[in-house]
Amino acid sequence: MPPSRPFVVEIAVLPESAVGHALALVELLRTANLMAGLRLGARAPRIAWRFVDALGQPLRAEEGLLQALTLEGQSGDTPAAALFVAPLHLADIPALRLAVQRHAALARRAALMVDMGGLVCTVGNGAWFAAHSGRLDGRRLALAWYYVAGLRRDFPDLKPEAGPGFCEDGPWLSTAYPADLGPLAIALARHALGAEPAAALSAVLRPDRHRELAAMQASHTIPNTRDSTLARAIAWMEQRVEQPYDLAALATAAAVSTRTLLRHFQQELGHSPLDHLHSLRCARARVLLEITLESVPSVALACGYADPAAFRRIFARHTGLTPTAYRQRHALRAPRRRWRVDTSDSVGTALAALRSAAKKPGTP
């Protein structure tokens, strides 16, 4: 059974708030819960959320999408472990300062959250409320370049950084732009759900070209580079990852001699064509280990290794983990042993009956 007390995020919504960004965070938290369930099964922890005003009073959910999101994230009376402040739609910093004065109670809630050992999460100019709490002096934060001068003027003890999209310094999780909500959600997932679900969430939110190429397993055109010989060779290998290594055939595809091909790889990439093929195969193996239940020998064969022992050795050299250890750490789905079925309920009874029937001779 999942824990009775979820990790609750209070989402402050003011009249000036960019509510769409708050809802975007909720969608990321829903994805975090989904990944936790896939990774850990029925015992997975859960993130909950509630929309509140500056005083911390729950907002009334309207009909439609907001109501659905509120119901899914219902938190009961569990105390909040994090406060999220979305950016405000305001024309300039003077207007922002006036809004912070009007909603000073939100800054006090940020101070209380820090005092209680919780997290304060801000996007863009929402950082002003965290700064006004008086509890985060000396902290670093991510901030859009056009706000840096204003924040430094108002709060000289803070350390805004124009550059990093996301920054975590103690209890303060800050993002410079709404586009950086993904890293913030991953950090929240790490605090709320643990390392495994956070890693799974990171895998589905962050781009990974090697995974994309391996997952597609189809021909494609790679951009031309200054070295067209190298580009032709790499494209040829990417389309034939599972086939046996043939240096002569590869050189023919690149329209050069084997000696010239080896020189190009060494000069441009610092390794041999065979080493590059191993890296492509291991990239495909990572995807298969993460998203399928195929055995290690089957994965090895799908990646061009007839000898599972050789595959294990090469995979460990490229990733630092054996295939089995990699699957345990990175697989999106939980091991089957974590998905326990309670046979006392009607669904469990039905499944048990199906299993029993499947064991009888002559069962179709």
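The values are calculated or read from the model by the stated rules, or taken from the named source; none is laboratory data. Just so we're clear, the structure is a prediction, and the values are computed from it rather than from any experiment. Please note: Cβ atoms are built from the backbone with ideal geometry, for glycine as well, and neighbour counts cover all protein chains shown. Remember, those area values only see protein heavy atoms, side chains included, never the ligands or the DNA or RNA. Shrake-Rupley method; radii C 1.70, N 1.55, O 1.52, S 1.80 Å.
Here are a few things to note about the model shown:
- Failed condition for residue 264, given (1) free of Cβ contacts under 8 Å to residues at least 40 places away in the same chain; (2) touching a His at 6+ places or on another chain (Cβ under 9 Å): (2)
- Residue satisfying all of: in the stretch 129-164; closer than 21 Å to residue 115 by Cα and of a type in the set (Phe, Trp, Tyr); least open to solvent (accessible area, probe 1.4 Å) among these: 129
- Exactly one residue out of 45, 15 is over 30 Å from residue 101 (Cα atoms) and in a loop (DSSP other than H, G, I, E, B): that is 45.
- Scanning the stretch 267-282 for residues that are modelled with pLDDT under 90 and not in a loop (DSSP other than H, G, I, E, B), we see that the one that is least open to solvent (accessible area, probe 1.4 Å) is 268.
- Which listed residue, of 77, 115, 92, is more than 23 Å from residue 49 (Cβ to Cβ) and without any contact (Cβ under 8 Å) to a residue 40 or more places away in the chain: 92
- Residues satisfying the criterion are present in the stretch 221-234 (criterion: part of a loop (DSSP other than H, G, I, E, B), in contact with an Asp or Glu (Cβ under 8 Å, 6 or more places away or on another chain) and modelled with pLDDT under 90).
- Flag for residue 179 being over 13 Å from the mean Cα position of the chain (by Cα) and at pLDDT 85 or above: yes
- Given (1) crowded, with 18+ Cβ neighbours inside 10 Å; (2) modelled with pLDDT under 85; (3) aliphatic (A, V, I, L, M), index of the condition residue 25 fails: (2)
- Applying the criterion of at least 1 residues that are among the polar types (S, T, N, Q) to the strands (runs of 3 or more DSSP E) found wholly in the stretch 111-203 leaves 119-123, 172-175.
- Being small (Gly, Ala, Ser), farther than 19 Å from residue 120 by Cα and either in contact (Cβ under 8 Å) with a residue 40 or more places away in the chain or open to solvent by 50 Å² or more (accessible area, probe 1.4 Å) (or both) holds for only one residue in 189, 203, 176, and it is 203.
- Just one of the listed residues (32, 107) is among the small types (Gly, Ala, Ser), crowded, with 16+ Cβ neighbours inside 10 Å and either more than 20 Å from the chain's Cα centre (by Cα) or at pLDDT 95 or above (or both), and it is 107.
- Unmet criterion (only one of (1) part of a helix (DSSP H, G or I); (2) in contact (Cβ under 8 Å) with a residue 24 or more places away in the chain; (3) surrounded by fewer than 18 Cβ atoms within 10 Å (Cβ to Cβ); (4) over 25 Å from the mean Cα position of the chain (by Cα)) for residue 298: (2)
- Candidate set: the stretch 241-256, residues that are open to solvent by less than 60 Å² (accessible area, probe 1.4 Å) and in a loop (DSSP other than H, G, I, E, B); chosen: the one farthest from residue 318 (Cα to Cα): 256
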